[in-house]
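K.L.:
Structure provided below as structure tokens; questions to follow.
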Amino acid sequence: MDAMESPDVVETVGLTKRFGERTAVDRVDLRVPRGSAFGYLGPNGAGKTTLIRMLLGLTRPDAGSMRLLGRAVPEQRSEALARVGAIVEEPHFLPYLTGRENLEVVAAAREPAAHGRIPGALARVGLAARANDRVKTYSQGMRQRLGVARALLADPELLILDEPMNGLDPAGILEMRGMIRALVAEGRTVMLSSHLLDEVEKVCDAVAIVDRGRIVAQGPIAELRAGAAPTVELRTGGDQMGVLALLAAHPAVAEAVGTTGGTSEAIRVTLAPAGPAEAARIAADLNRQLVQAGVTVYGFGLARASLEERFLEITSRLGTEAVA
Amino acid sequence: MSWRLIKAELLKLRRRRGLLAWTLLIPLGVVGLQYGVLAALHAGDPAAHGPAGGVANLATTLVLLGTLAPVAAVLVGATAGAGDVEAGLFRDLVVTGRSRRALFAARVPGGLALLLPVVAAAWLLAVGASFAFAGGSATPGLGAVLLGGGWALLAAALAYVVALGLASLSGSRAMTVGVMLAWLFPVSNILLSISQLGGWRRAIMQPALERIAPSQLVPGGGGSAVTMSLAVTLLVLALWSIVPLVAGAWRTQTRDA
């Protein structure tokens with residue numbers, strides 16, 4: 001297959017990196033589809049940055065293979081990285097140079113056309129007016145945006161952003177989200193690593209969840225959410241303990257708990273894994289049983305599983321397995 | 001070799017105000033100070049102090065420049081070698097896909113493009129002063145001027161590549177400056193004074209440089225305690241140029257960015 005026709009912009013097979021006894025990246029098989037916003041999601045210390053560093057040739061893997069934009073890395077690293085823009089950890093600059101001069105320094109290491117992209121990149125991230133100020137006068141958010149401008153000098157097919165929301169205020173986060181979606185709309189692929197589940201869910205189309213160096217789930221966010229156990233949230237009157245016992249007796253209920261303590265009437269019911277239609281049928285059945293038992297039901301709803309719940313479910317299950 | 005990378009290296013160095021100030025001040029300041037003092041002394045008491053210019057005083061300037069231009073070279077070389085790593089910029093340059101060897105190679109002409117014009121300017125200032133304040137003293141010939149300038153440039157360039165290599169190897173500007181200044185001044189001189197080291201002292205850079213100092217200005221190589229043939233001299237200078245560059249290039253190639 002021609003490198004440019006590859007449907008996945010990042011492909012890794014069995015990628016492994018060890019630091020002494022510790023395995024930071026453990027046999028990772030990753031596929032990032034072209035033209036998507038892809039989240040590499042995991043808690044701090046899960047090996048996200050190490051994987052990115054290997055992809056970019058900053059550190060060598062101990063085992064496995066990888067391809068960027070269809071090209072084998074490290075064999076064709078230069079060709080692959082020519083169309084990749086990246087921010088690894090926080091972006092660094094020479095503080096005594098202006099924003100424009102910092103971009104000139106990096107543009108000099110890229111193709112000649114990169115120099116001509118500097119004004120456009122600065123305008124795109126909203127720094128054109130401050131381009132001739134020294135970077136030491138920039139705020140954290142401005143440095144982050146200048147980092148994105150620097151990544152855009154490659155006219156990238158793939159942007160790799162490591163924790164891009166770090167250090168940004170709410171307005172900056174909103175801007176960054178919009179910028180990422182705009183870049184994807186142009187046909188570029190954005191791979192971002194983050195420990196912020198909410199951010200990934202808001203920005204990304206697909207995600208890989210990583211825990212202790214291993215990918216534990218991977219795919220479109222909607223599919224991952226669908227894999228989560230459905231839940232029902234309800235508010236009832238009467239004896240809560242009796243209601244909980246009644247709900248727990250249903251064969252499709254995995255767990256029923258009061259969500260805000262023993263005196264509350266709020267209850268959260270976790271169902272056994274089921275598709276949307278089956279979950280709706282079980283929820284209706286539960287409601288009918290409660291009414292038939294004379295329980296007053298003030299509120300009842302099937303909750304949409306969030307990526308956060310799926311993430312916690314997967315990682316806590318892994319924790320249980322590890323203990324077992 | 002990419003002109004754009006070399007220009008970028010020069011930009012990074014010349015825009016560091018402190019570095020630029022010291023790079024200008026050390027060679028130019030020393031020459032200016034020397035001739036200023038000599039001219040003032042001569043003006044105050046012409047009977048006791050001869051003219052400030054002339055070939056004899058130019059020879060003194062050359063020795064001074066050969067000693068102090070390497071100090072400026074160390075500052076520039078240490079910054080060129082370790083600046084990107086210390087600022088965290090090296091990583092961002094590596095992820096462009098440009099070869100690390102090319103990134104390192106650009107530092108050599110990039111730094112020399114800042115350093116050598118300053119050393120040349122200092123030498124030209126000295127030559128100008130040696131004519132302007134010559135009075136009745138003998139003035140230097142063209143050969144002495146050219147050879148003296150070439151020798152000062154060589155001394156600075158050698159110190160630059162050693163500092164560049166060491167800084168690229170260590171990734172630390174401060175450590176490089178400290179080690180290099182210690183080497184250039186007390187350590188080299190102490191080693192040269194240890195006669196038990198015998199011929200091994202030829203491996204030190206300073207005697208090799210003194211060996212090829214222009215005889216019109218510094219007769220007898222400045223009276224160095226170590227003698228060596230021209231072939232050995234060239235070999236020593238070549239090794240002092242090549243080994244640091246190879247070590248620096250190797251570390252730049254293998255460093256985790």
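The values are calculated or read from the model by the stated rules, or taken from the named source; none is laboratory data. As the structure is a prediction and not an experimental result, all values here were calculated from the model. Using ideal geometry, Cβ is built from the backbone for each residue, glycine included, and neighbour counts are taken over all protein chains shown. Surface areas here come from the heavy atoms of the whole protein model, side chains and all, with no ligands, DNA or RNA. Shrake-Rupley method; radii C 1.70, N 1.55, O 1.52, S 1.80 Å.
K.L.:
Given springs between every Cα pair under 10 Å in a Gaussian network model of chain A, which of A:Leu153, A:Leu58, A:Leu127 has the largest fluctuation?
P.N.:
In the Gaussian network model the winner is A:Leu58.
K.L.:
To continue, here is another question. Considering the alpha-carbon set of region B:30-120 alone, what are its Rg and its Dmax in angstrom?
P.N.:
Computed over the Cα atoms of region B:30-120, radius of gyration and Dmax are 20.5, 68 Å.
K.L.:
Turning to a different aspect of this structure: Please grab the % of Cα pairs in the protein assembly as shown that end up more than 44 Å from each other.
P.N.:
Cα-Cα pairs in the protein assembly as shown separated by more than 44 Å: 41 percent.
K.L.:
Taking only Cα atoms and a 10 Å spring cutoff, compute GNM fluctuations for chain A and point out the largest among A:Asp162, A:Asp205, A:Asp285.
P.N.:
Result: A:Asp285 has the largest fluctuation of those listed.
K.L.:
Dimensions of chain A along principal axes (Cα, Å, largest first)?
P.N.:
So the three principal-axis extents are 77, 44, 37 Å.
K.L.:
Related question: Give me Rg/Rg_expected for region A:49-161, where Rg uses Cα atoms only and Rg_expected = 2.2 N^0.38 Å with N residues.
P.N.:
1.10
K.L.:
Right, here's the next one. Could you run the Karplus curve 6.51 cos²θ - 1.76 cosθ + 1.60 with θ = phi - 60° over region B:230-238 and give me ³J(HN,Hα) per residue in whole Hz, x for Gly and Pro?
P.N.:
Once θ is set to phi - 60°, the couplings for region B:230-238 become 5, 4, 5, 4, 5, 5, 4, 5, 5 Hz.
K.L.:
With springs only between Cα atoms under 10 Å, which of A:Asp62, A:Asp239, A:Asp133 fluctuates most in a Gaussian network model of chain A?
P.N.:
A:Asp239
K.L.:
For chains B and A, what's the summed buried accessible area, probe 1.4 Å, to the nearest 100 square angstrom?
P.N.:
Summing both sides, the interface buries roughly 2600 Å².
K.L.:
Write down the Kirkwood hydrodynamic radius of region A:162-260, to one decimal in angstroms, obtained as one divided by the mean of 1/r over all alpha carbon pairs.
P.N.:
Kirkwood radius, region A:162-260: 17.0 Å.
K.L.:
Tabulate in residue order the Karplus-calculated ³J(HN,Hα) for region B:10-23, using 6.51 cos²θ - 1.76 cosθ + 1.60 with θ = phi - 60°, rounded to whole Hz; enter x for Gly and Pro.
P.N.:
Once rounded to whole Hz, the list reads 4, 4, 4, 7, 6, 8, 7, 4, x, 4, 4, 4, 5, 5.
K.L.:
Tell me what chain A gives for mean residue ellipticity at 222 nm when only DSSP H runs of n ≥ 4 count, each as -39,500 (n - 2.57), the sum divided by the residue total, rounded to 500 deg cm²/dmol.
P.N.:
Rounded to the nearest 500, the figure is -10500 deg cm²/dmol.
K.L.:
For chain B, what is the accessible area per residue in Å² when the probe is 1.4 Å?
P.N.:
I get 42 Å² per residue for this part.
K.L.:
On average, how many beta carbons from a partner chain sit within 10 Å of the beta carbon of a residue in A:86-97?
P.N.:
Mean shielding by partner chains, rounded to a whole number: 5.
K.L.:
Another question, then. In Å², and per residue, what accessible area does region A:231-304 have when probed at 1.4 Å with the other protein chains present?
P.N.:
So region A:231-304 comes to 54 Å² accessible per residue, rounded to a whole number.
K.L.:
What does DSSP give for chain A in terms of the percent of beta bridges that are antiparallel, rounded to the nearest 5?
P.N.:
70
K.L.:
Which three extents, in whole angstrom, do the alpha-carbon atoms of region A:231-304 cover along their principal axes, largest first?
P.N.:
Sorted from largest, the Cα extents of region A:231-304 read 32, 24, 20 Å.
K.L.:
Quick one: grab Rg to one decimal and Dmax as a whole number for region B:3-254, Cα atoms only, in Å.
P.N.:
Both quantities, over Cα of region B:3-254: 19.4, 68 Å.
K.L.:
Then there's this: Take every residue in peptide A:100-113, count the Cβ atoms of other chains within 10 Å of its Cβ, and give the average of those counts.
P.N.:
5
K.L.:
Sticking with this structure for a sec: Suppose we look only past 20 Å in the calculated P(r) of region B:158-257. What percent of the Cα-Cα pairs does that tail hold?
P.N.:
Summing the P(r) of region B:158-257 above 20 Å gives 45 percent of all pairs.
K.L.:
For region B:3-254, give the percent of accessible area contributed by carbon and sulfur heavy atoms, probe 1.4 Å, rounded to a whole number.
P.N.:
Carbon with sulfur: 72 percent of the solvent-accessible area.
K.L.:
Taking the alpha-carbon centroid of each part, what is the distance from region A:149-190 to region A:7-47 in angstrom?
P.N.:
Each part reduced to its Cα centre gives a spacing of 19 Å.
K.L.:
OK, next. Nearest 500 deg cm²/dmol is fine: what mean residue ellipticity at 222 nm does chain B get from its DSSP H runs of n ≥ 4 alone, each adding -39,500 (n - 2.57), divided by its residue count?
P.N.:
Result for chain B, helices only: -24000 deg cm²/dmol.
K.L.:
Just to be sure I follow the rule: in the protein assembly as shown, considering lysines 8 or more places apart or on different chains, how many pairs have Cα atoms under 29 Å apart?
P.N.:
Within the protein assembly as shown, the lysine pair count is 5.
K.L.:
Just to confirm my numbers, what's the Cα centroid distance between region B:99-162 and region B:224-239 in Å?
P.N.:
One Cα centre to the other: 21 Å.
K.L.:
Could you tell me what percent of the accessible area of chain A is made up of carbon and sulfur, with a 1.4 Å probe and every protein chain present?
P.N.:
Solvent-exposed carbon and sulfur of chain A make up 53 percent of the total.
K.L.:
Under a crude label model (7 Å from the Cα following the beta-carbon direction), how far is B:Leu33 from A:Arg181 in nanometres?
P.N.:
So the label points at B:Leu33 and A:Arg181 sit 6.4 nm apart.
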